[in-house]
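A.B. asks: Right, I'll just put the structure down here and ask away after.
The values are calculated or read from the model by the stated rules, or taken from the named source; none is laboratory data. The structure displayed is predicted, hence computed values, not measured ones. Here the Cβ positions follow ideal geometry from the backbone for every residue, glycine too, while neighbour counts run over all protein chains shown.
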Amino acid sequence: MGTVSNGSDAQLDRDALAALYEETFRNLEEGTITEGRVVALTKDKVVVDIGYKSEGMIPGDQFTSEELQNLKVGDRLQVYIEECEDADGNLVLSKEKADKMKIWEELEKLYKDEKSIEGKIVSRIKGGMMVDIGVKAFLPGSQIDLHPVRDLDGLVGKTFPLKIIKINHRRGNVVVSRRVLLEETRDRKRQTTLANLKEGQLIQGMVKNITDYGSFIDLGGIDGLLHITDMSWGRVGHPSELFAVGDKVEVSVLKYDRETGRISLGLKQKSADPWTNVASKYPIGTRVRGRVVSLTDYGAFVELEPGVEGLVHVSEMSWTHEVRHPSRVVAVGDQVEAAVLNVDPASRKISLGMKQTAPNPWDMIESKYPIGTRIEGKVKSLTDFGAFIGLEEGIDGLIHISDMSWTKHIKHPSELFKKAQKVEAVVLRIDKEKERLSLGYKQLTRDPWDDAIPARYHVGDSVAGKVSKVADFGIFIELDGGVEGLIHISEAGLESQVKLEEKFKLQDDVTAKIIKVDREERKIALSLRDHQLDSARKQVDEYHSAQGALDQSLGRAAKQNRKRSQSDD
């Protein structure tokens, strides 16, 4: 009875064990993760019991050296069941796949909960970067930053917080974004900044971008514009002269438009306007020193102090030279001395003069060159109206064309003078205000019209000379003594179809009759027609005179013949 009982109990144990294994087998599915216990460690394998009819073995290369060193019998492990029985009936387990399964579960949870994860950029690939977040993930180029990144290679090896924006476990695809987190951070900062933003407050920011017209300052999630005109009270050629991208700067909020979201910032407003006390600091007549900061066609701007500039107009640079461009006198960076000529704080303008720091040579011109003085100089230039004569450095006098000859009609100064020629002249007039000195060349000799010409040339006289000029209105005849007479076209005695230049050539000998001597106008009018008429009359008179003499002679001869005839009778 006892034997039978023992046999029955043993059978029951075997049946219960078989049922237990069958239940365990049903609960252990391939492709799932379960927990096991380390039961043995070998050189290259780890033996794990998961409650199955046999233990499973995991290759040692699925563990790091540190994990193997710390692993001991009895430790619990999460393992992945690859096969319950392979071809040889062995249980096949994987720690590596279990770890990956856990990672994917965590990633899917992070994706579902919209939480971030740290990721290390490992390489650059087409369209973006490859990132290690436990598995390989793709970071598109457009999702790296808020703005395009030029140096992608410089990001390799760096770790950033990232957000999973797409995940597909079955395909093993994960797409992450850094930009999403940056936008969230920026939006939070923006809300905080906007909530506390007030006009007039000072706020810290960072230079985000630089343009020709100003710099954009990141105030914390929102940008404000610091215009170039609000950077300094002084002259700023380009914002890059003051800032570089990344610079930290404290600025003042000038204006905040809540409807458009535009923020205008100022830097110069942090200090007092230097133009406030300019009128008292730089009264008219004050001598100042400053640095030339810019040149224009009309003058040079001189910085007297930061934010305060004055203009030296080209007309105020030299007493003696006509300055056509300020670069002929000064250069940017030069230190110059000037006198304050005018101050207009309202227009923020100061007029300066450089020439006023030296004596005006025109103040001494009257004592140095009194009227009537004979001077000597060189011809500097010739114009249609006269010749400029250089007397000394910066002092020129003008011989007007009307003061070149008492007797000749000068059409252009080049008829008498050449450039650089030494000439004498007489000082006629001085206009110190307009800085003009009038000279005379003909005044070097006595005016022949006072006595010599009227005494020598009389109306009715016939005079001989040579053609010196042919004009549309008449021809000029040079007479003895250098004086010229004019034969008007109406006195030329030509038929209407004949032109003066066809009939008369330069240096032709011409004899004409004086029909007018105008001492006031200094003109001698000649008539070729009257001379020709006089000549014709003279010939007629001479003919008649000769004919009368002949008649008288014939009469006397006839009378004598009659007398002889009578005597013969």
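A.B. asks: Strands (runs of 3 or more DSSP E) wholly in region 342-431 with at least 2 residues that are acidic (D, E) - which ones? Reasoning before the result, please.
C.D. replies: On the way: elements: 349-353, 374-382, 386-392, 395-400, 422-431.
By residue number, 422-431.
A.B. asks: Determine whether S405 is closer than 30 Å to W319 by Cβ, polar (S, T, N, Q), under 60 Å from the mean Cα position of the chain (by Cα) and modelled with pLDDT of 85 or more.
C.D. replies: Values: closer than 30 Å to W319 by Cβ: no; polar (S, T, N, Q): yes; under 60 Å from the mean Cα position of the chain (by Cα): yes; modelled with pLDDT of 85 or more: yes.
No: the conditions fail for S405.
A.B. asks: Assuming L182 fulfils every condition listed in (1) at pLDDT 85 or above; (2) farther than 22 Å from G246 by Cα apart from one, which condition is it?
C.D. replies: All conditions pass for L182, except number (2).
A.B. asks: In region 363-372, how many are closer than 16 Å to E424 by Cα and surrounded by 12 or more Cβ atoms within 10 Å (Cβ to Cβ)? I'd like the intermediate steps shown before the answer.
C.D. replies: Initially, region 363-372 is screened for residues closer than 16 Å to E424 by Cα, giving 369-372.
Still in the list and also surrounded by 12 or more Cβ atoms within 10 Å (Cβ to Cβ): 369.
Looking only at that region, the number is 1.
A.B. asks: Could you say whether any residue in region 529-537 is under 24 Å from Y457 (Cα atoms), touching a residue at least 60 places away in the same chain (Cβ under 8 Å) and out of contact with any Gly (no Cβ under 7 Å at 6 or more places or on another chain)?
C.D. replies: Step one: list which residues in region 529-537 are under 24 Å from Y457 (Cα atoms), which gives 529-537.
Those left that are additionally touching a residue at least 60 places away in the same chain (Cβ under 8 Å): 531, 534.
Adding the requirement that they be out of contact with any Gly (no Cβ under 7 Å at 6 or more places or on another chain) leaves 531, 534.
Scanning region 529-537 turns up at least one residue that is under 24 Å from Y457 (Cα atoms), touching a residue at least 60 places away in the same chain (Cβ under 8 Å) and out of contact with any Gly (no Cβ under 7 Å at 6 or more places or on another chain).
A.B. asks: Give just the number: which of (1) more than 24 Å from R170 (Cα to Cα); (2) buried (at least 16 other Cβ atoms within 10 Å of the Cβ) does D75 not satisfy?
C.D. replies: Result: D75 passes all but (2).
A.B. asks: Taking region 127-167 on its own, how many of its residues are polar (S, T, N, Q) and touching a residue at least 40 places away in the same chain (Cβ under 8 Å)?
C.D. replies: Adding up the residues that qualify gives 1.
A.B. asks: Identify the residue in region 340-354 that is hydrophobic (A, V, I, L, M, F, W, C) and surrounded by fewer than 19 Cβ atoms within 10 Å (Cβ to Cβ) and, among all such residues, is nearest to Y298 (Cα to Cα). Lay out the reasoning, then the answer.
C.D. replies: Looking only at region 340-354, we keep the residues that are hydrophobic (A, V, I, L, M, F, W, C), and these are 340-341, 343, 346, 350, 352, 354.
Subsequent filtering for residues that are surrounded by fewer than 19 Cβ atoms within 10 Å (Cβ to Cβ) retains 341, 346.
Numbers: L341: 16, A346: 22 Å.
Among those that are hydrophobic (A, V, I, L, M, F, W, C) and surrounded by fewer than 19 Cβ atoms within 10 Å (Cβ to Cβ), it is L341.
A.B. asks: Among residues belonging to region 468-483 that are in contact with a Phe, Trp or Tyr (Cβ under 8 Å, 6 or more places away or on another chain) and crowded, with 20+ Cβ neighbours inside 10 Å, point out the one that is nearest to V517 (Cα to Cα).
C.D. replies: Residues of region 468-483 in contact with a Phe, Trp or Tyr (Cβ under 8 Å, 6 or more places away or on another chain): 468-470, 475, 479, 483.
From what's left, crowded, with 20+ Cβ neighbours inside 10 Å: 475, 479, 483.
Numbers: I475: 17, L479: 13, V483: 12 Å.
In this case the residue turns out to be V483.
A.B. asks: Applying the selection to region 381-402, what residues are within 19 Å of W319 (Cβ to Cβ) and either of a type in the set (A, V, I, L, M, F, W, C) or modelled with pLDDT under 90 (or both)? Walk me through it before giving the result.
C.D. replies: Here is the first cut: in region 381-402, the residues within 19 Å of W319 (Cβ to Cβ) are 388-398.
Correct list: F388, I389, G390, L391, E392, E393, G394, I395, D396, L398.
A.B. asks: Given the structure, is I375 more than 30 Å from A339 (Cα to Cα), without any contact (Cβ under 8 Å) to a residue 60 or more places away in the chain and either more than 40 Å from the chain's Cα centre (by Cα) or surrounded by 12 or more Cβ atoms within 10 Å (Cβ to Cβ) (or both)?
C.D. replies: Details: more than 30 Å from A339 (Cα to Cα): yes; without any contact (Cβ under 8 Å) to a residue 60 or more places away in the chain: no; either more than 40 Å from the chain's Cα centre (by Cα) or surrounded by 12 or more Cβ atoms within 10 Å (Cβ to Cβ) (or both): yes.
Criteria not met by I375.
A.B. asks: Give the residue that is nearest to the chain's Cα centre (by Cα), with candidates limited to residues of region 133-185 that are in a loop (DSSP other than H, G, I, E, B) and among the charged types (D, E, K, R). Lay out the reasoning, then the answer.
C.D. replies: If we filter region 133-185 for residues that are in a loop (DSSP other than H, G, I, E, B), which is where we start, we get 133-135, 144-152, 156-158, 169-172, 178.
Filter once more, keeping what is among the charged types (D, E, K, R): 145, 150-151, 158, 170-171, 178.
Numbers: D145: 34, R150: 29, D151: 31, K158: 42, R170: 61, R171: 58, R178: 41 Å.
Among those that are in a loop (DSSP other than H, G, I, E, B) and among the charged types (D, E, K, R), it is R150.
A.B. asks: Would you say Y298 is of a type in the set (F, W, Y) and out of contact with any helix residue (DSSP H, G or I) (no Cβ under 8 Å at 6 or more places or on another chain)?
C.D. replies: Details: of a type in the set (F, W, Y): yes; out of contact with any helix residue (DSSP H, G or I) (no Cβ under 8 Å at 6 or more places or on another chain): no.
When the stated conditions are applied, Y298 does not pass them.
A.B. asks: Let me ask you something else. Determine whether region 425-437 contains at least one residue that is loosely packed, with under 13 Cβ neighbours inside 10 Å, touching a strand residue (DSSP E or B) at 6+ places or on another chain (Cβ under 6 Å) and either over 20 Å from W319 (Cα atoms) or not aliphatic (A, V, I, L, M) (or both). Talk me through it step by step, then tell me what you get.
C.D. replies: Just the residues of region 425-437 that are loosely packed, with under 13 Cβ neighbours inside 10 Å, to begin with: 429, 431, 433-434.
In the following step, the residues that additionally are touching a strand residue (DSSP E or B) at 6+ places or on another chain (Cβ under 6 Å) were identified as 429.
Retained after the next criterion (residues that are either over 20 Å from W319 (Cα atoms) or not aliphatic (A, V, I, L, M) (or both)): 429.
Looking through region 425-437, at least one residue is loosely packed, with under 13 Cβ neighbours inside 10 Å, touching a strand residue (DSSP E or B) at 6+ places or on another chain (Cβ under 6 Å) and either over 20 Å from W319 (Cα atoms) or not aliphatic (A, V, I, L, M) (or both).
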